[in-house]
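> One structure, as structure tokens, below. Some questions next.
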Amino acid sequence: MGENDELIKDFLVESYENLDRLDREFLALEKDPTNKDYLGSIFRTIHTIKGTSGFFGFERLQALTHVGENLLSKLRDGKLQLSGDMANALLAMVDAVRGMLTSIEASATEGTVDHGRLIATLSALLDDQPADALAGGHGGGAERQPGPLTAMFEAANPKVPTGRIQRSPAAIGGGLAPAGSVAVEATATIPPSPVKSDRSTPAPADGQHGALADTTIRVDVSLLDRLMNLVGELVLARNQILQLSQGNTDQIFIRTTQRLNLLTSELQEGVMKTRMQQIGNVWSKFPRVVRDLSATCGKQVRIEMAGKETELDKTLIEAIKDPLTHIVRNSIDHGIEMPDKRIAAGKPAEGLLSLRAFHEGGLVVIEISDDGGGINTKRVVEKAIEKALITSEQAARMSEREMINLIFAPGFSTAEKVTNISGRGVGMDVVKTNIERIGGTVDINNRLGQGTTLRIKIPLTLAIIPALIITSGNERFAIPQVSLIELLRLDAKQLETEIENVYGAPVYRLRGHLLPVVFLNRELGLAEAPAGAAMTVVVLQAEERRFCLMVDGVNDAEEIVVKPLAKMLKPLSVYAGATIMGDGRVALILDVLGIAKRSHAVAKAAERQVHEVADTTHRKADVQAILVFQSPDDGRMAIPISKISRLEEIESSRIEHTGGTEVVQYRGIILPLIRIFAVLPERRTEPRNPDCGMPAGTLQVIIHTQGDRSVGLVVGRIIDTVEHSLTIERAASREGIIGCLVVQDRITELLDVEKVVGGVISDFYHQLQPA
């Protein structure tokens, strides 16, 4: 069946069910021939089959049902009166449709039976002409006692012989059964179609394959929700029993508990699978959206989709429909250029929109990429300033990533005019909010002139999630692990010395980064920890920013069942729900984004940027910001911040080699790496700290950029960033060093970046000629 395999299966299952319903409705119509509700329902069923068959290109099926739909439309509207010939023809059409569906299921084709005669008969009846001339030549059916419907036909048309309406095998072949001998049998008496199904089911005893409709069942979502809730309660009971089993020495009880744990986990997994749907169900409408929208915009766009079989919980499928649709529309409207502009840029006239979904680390990742012009950050910043979303001073200190993220600001739009597609400033902020509401994140990878990729990460399900259980103020809370970065433990002395105060806000310096600090006890009004007590730092991420949540302690990590909050608690933005712990007590689930916003942790980070800008304007000419890092001999080195475009932490496993040079794939380019301490003459034969204070497998990399070229300088552990005069206090003792400074009472070597880079990449600072 090709790439529409799953969609066609759904079409077949639904059509089989609808045809079975038609059988029942024709039986009911026999008892109440004037009932317009039955005729209306039959009309809608044939209309649905006609529309869907046209979508899949089943032209013969569409042609047959189209004529039948027209006849049913006139009957429904009272323009024609139902006669025996009409009933015969319509039931013959139903059997012919069933036959074609069976053929589609077996061979992906509509079969070879010619239904031209049946279509001609339906057309004649549509024009209120007698069907005898077209249908003629049929033998009579078995004599039976007439029913109410037949009696009505006899009164209207004396030519109709008496007898109950029953299905004739001839109808399946496209011909008409004898007048008055076509009937509908109850669903239970219709044998399964002898066709092949690719569903995994045992073969019937007679050796024939069961029909596709016999291998599926439709279940109301509310029933699945109820079942999921019951499984959640079972998980809670399992957790309680597991807690009771700790320290128990009864081997029978322990084995029973382990068995219960295993069965509960398998049942939980099975029930969750019943709620899972393929993301292709959402993507199926995008080819039409792309076609229509590209035509409206005067563009040429094709769409490619990979990973359509990736499954998500139905609740999440529903939640991401609108955000994904908006992103697709945005990519076509704003991302992909007009054909003439693409050709001028050396691109094919037809743009490419790619959708990709896959599993990664317990999450589902969705990537929407286009090969358009990318995001012009300069234009974004100009619009943000124009709309008073940021100030010019803030813009001057923004990184490339922060500039791009401005498109998520409420009311932001770069469109020059309002259209039906865009320009109203309502869009990407709603996309981000909706994704974060279901525990997801949105990230943008921008390549100016080459395209943009939006990367969305969302959990598999919201009903049962992994969480970190923490204690603070003698209360227990759960933190969803999707927001967790790392854990640290600080004793009383470290709390005094390592928690700093910057511009009135507490911060913690983590590997050279200042992170806002939020004390959970203070934020929630809980009892403060006793003086001198140690605390745990929970590093969390919200809106692409990290902050430290200070808690009293960490209990454990476990799967929790999410329960909605009571109506009176829903306005509290710091809580996302509740769960029942193993001891039967309730623990509230913290909303990480809500806590970050309430405590202004995100805002404080932005305020620090503004203050840093203000400080920069009043800085003395000979004072600059420098980055201090550790060297292998436990000494210190520094580099001016002006020489740094970014700081990155890269895993050693990502390093590749080309032409004898270490490189890494970085933001769409191949970034060469220079290990500073490998090219500098070392003063000691055996360095005291050859890893420079970094954990094994991790590298601190300074990105140095000149024009359109970049290089990564691998340095030691980042110690600090400070404001300091660059006046040399001592001459250099080795190549690659400008001289020595005294920074924070320690002798610090100032790195000669140009000397080091130019010594390894001789043409790095040469002006590149345009192609």
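> Return the residues of the range 68-85 that are open to solvent by 10 Å² or more (accessible area, probe 1.4 Å) and not small (Gly, Ala, Ser); say none if nothing qualifies.
Looking only at the range 68-85, we keep the residues that are open to solvent by 10 Å² or more (accessible area, probe 1.4 Å), and these are 69-70, 73-74, 76-83, 85.
Of everything in the range 68-85, those that are open to solvent by 10 Å² or more (accessible area, probe 1.4 Å) and not small (Gly, Ala, Ser) turn out to be GLU69, ASN70, LYS74, ARG76, ASP77, LYS79, LEU80, GLN81, LEU82, ASP85.
> Moving on to the next point. When the residues of the range 336-356 are narrowed to those that are open to solvent by less than 10 Å² (accessible area, probe 1.4 Å), out of contact with any Phe, Trp or Tyr (no Cβ under 8 Å at 6 or more places or on another chain) and not in a loop (DSSP other than H, G, I, E, B), which ends up farthest from ASP443 (Cα to Cα)?
Residues of the range 336-356 open to solvent by less than 10 Å² (accessible area, probe 1.4 Å): 336, 342, 351, 353, 355.
Within this subset, residues satisfying the condition of being out of contact with any Phe, Trp or Tyr (no Cβ under 8 Å at 6 or more places or on another chain) are 336, 342, 351, 353.
Applying the additional criterion that residues be not in a loop (DSSP other than H, G, I, E, B) yields 342, 351, 353.
Values: ARG342: 26, GLY351: 22, LEU353: 17 Å.
In this case the residue turns out to be ARG342.
> Has the range 685-706 got any residue that is in contact with a Lys or Arg (Cβ under 7 Å, 6 or more places away or on another chain), crowded, with 18+ Cβ neighbours inside 10 Å and at pLDDT below 85? Steps first, please.
Taking the range 685-706 and keeping what is in contact with a Lys or Arg (Cβ under 7 Å, 6 or more places away or on another chain), we get 692-694, 700, 703-704.
From what's left, crowded, with 18+ Cβ neighbours inside 10 Å: 692, 694, 700, 704.
The next check asks that each one be at pLDDT below 85; those that pass are 692, 694.
Yes - at least one qualifying residue is present in the range 685-706.
> I would also like to ask the following. Looking at SER53, is it part of a helix (DSSP H, G or I) and closer than 23 Å to ILE8 by Cα? It would help to see each step written out before you state the result.
Values: part of a helix (DSSP H, G or I): yes; closer than 23 Å to ILE8 by Cα: yes.
So SER53 fits the description; yes.
> Here is a list: LEU75, LEU71, LEU61. Which entry is part of a helix (DSSP H, G or I) and closer than 30 Å to VAL219 by Cα?
On the way: LEU75 fails: closer than 30 Å to VAL219 by Cα; LEU71 fails: closer than 30 Å to VAL219 by Cα.
Checking each option against the conditions leaves just LEU61.
> On to the next question. Only one residue in ARG476, ARG522, ARG509 is open to solvent by 20 Å² or more (accessible area, probe 1.4 Å), in a strand (DSSP E or B), at pLDDT 85 or above and basic (Lys, Arg), so which one is that?
Numbers: ARG522 fails: in a strand (DSSP E or B); ARG509 fails: at pLDDT 85 or above.
Only one candidate qualifies: ARG476.
> Starting from the range 328-355, take each residue that is in contact (Cβ under 8 Å) with a residue 40 or more places away in the chain and of a type in the set (Ser, Thr, Tyr) and list its partners that are surrounded by fewer than 18 Cβ atoms within 10 Å (Cβ to Cβ) and outside any loop (DSSP other than H, G, I, E, B), counting only C-beta distances under 7 angstrom and pairs at least six apart or across chains.
SER354/GLU304
> Related question: List the residue pairs whose Cβ atoms are under 7 Å apart, where the first residue sits in the range 570-586 and is of a type outside the set (Ser, Thr, Tyr), the second is loosely packed, with under 11 Cβ neighbours inside 10 Å, and the two are 6 or more positions apart or on different chains.
GLY577/PRO564; ALA578/VAL586; ILE580/VAL586
> While we're on this one: Looking at (1) modelled with pLDDT under 90; (2) in contact with a helix residue (DSSP H, G or I) (Cβ under 9 Å, 6 or more places away or on another chain), which is the one condition that is false for VAL664?
Answer for VAL664: the failing condition is (1).
> Residue by residue through the range 537-557, note down the ones that are in a strand (DSSP E or B), modelled with pLDDT of 80 or more and either open to solvent by 10 Å² or more (accessible area, probe 1.4 Å) or aromatic (Phe, Trp, Tyr) (or both). Talk me through it step by step, then tell me what you get.
In the first step, residues of the range 537-557 are kept if they are in a strand (DSSP E or B); the result is 537-542, 545-551, 553-557.
Subset that is modelled with pLDDT of 80 or more: 537-541, 546-551, 553-557.
Passing the criteria: GLN541, ARG546, PHE547, GLY553, VAL554, ASN555, ASP556, ALA557.
> When you go through (1) in a helix (DSSP H, G or I); (2) in contact with a helix residue (DSSP H, G or I) (Cβ under 7 Å, 6 or more places away or on another chain) one by one for ALA237, which number turns out not to apply?
(2)
> Identify all residues within the range 263-284 that are basic (Lys, Arg) and touching a helix residue (DSSP H, G or I) at 6+ places or on another chain (Cβ under 8 Å); write none if there are none. Spell out how you get there, then give the answer.
Going through the range 263-284, the residues basic (Lys, Arg) turn out to be 273, 275.
Once the filter is applied, which keeps residues that are basic (Lys, Arg) and touching a helix residue (DSSP H, G or I) at 6+ places or on another chain (Cβ under 8 Å), the range 263-284 yields only ARG275.
> Specify which of the listed residues (THR48, THR34) is assigned to a helix (DSSP H, G or I), among the polar types (S, T, N, Q) and open to solvent by 20 Å² or more (accessible area, probe 1.4 Å). Lay out the reasoning, then the answer.
Working: THR34 fails: assigned to a helix (DSSP H, G or I).
Being assigned to a helix (DSSP H, G or I), among the polar types (S, T, N, Q) and open to solvent by 20 Å² or more (accessible area, probe 1.4 Å) holds for just one of THR48, THR34, which is THR48.
The values are calculated or read from the model by the stated rules, or taken from the named source; none is laboratory data. These figures come from a predicted structure and were not determined experimentally. Cβ: placed from backbone, ideal geometry, glycine included. Neighbour counts: every protein chain shown. Keep in mind that these areas ignore ligands, DNA and RNA; they rest on the heavy atoms of the full protein, side chains included. Shrake-Rupley method; radii C 1.70, N 1.55, O 1.52, S 1.80 Å.
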